[in-house]
Amino acid sequence: MRVPWRLLGGSLAMAILLGVFFMYGRPDFLVQMANQIWACF
């Protein structure tokens with residue numbers, strides 16, 4: 001049975017949103033990532 005593309009896309013989007021939500025619970029990680037991204041410029 002093939003998984004519909006819409007279901008697969010929705011699951012991927014939900015996983016990304018949950019990941020972002022959980023990262024907001026760790027502000028030290030977000031500051032570190034922001035500093036690393038800013039260092040590229």
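Remarks
- Estimated FRET transfer efficiency (Arg2, Asp28; beta-carbon r; R0 35 Å; 0.05): 0.25
- Helix 27-39 axis, angle to the chain major axis (alpha carbon atoms, nearest 10°): 80
- [x] 49, 20, 12; [y] 58, 14, 5; [z] 46, 25, 11, with the label sought being that of the calculated Cα extents along the principal axes in Å: [z]
Rule-based calculations on the coordinates, nothing more; no lab input. The structure displayed is predicted, hence computed values, not measured ones. Every residue, glycine as well, gets a Cβ built from its backbone with ideal geometry; the counts of neighbours run over all protein chains shown.
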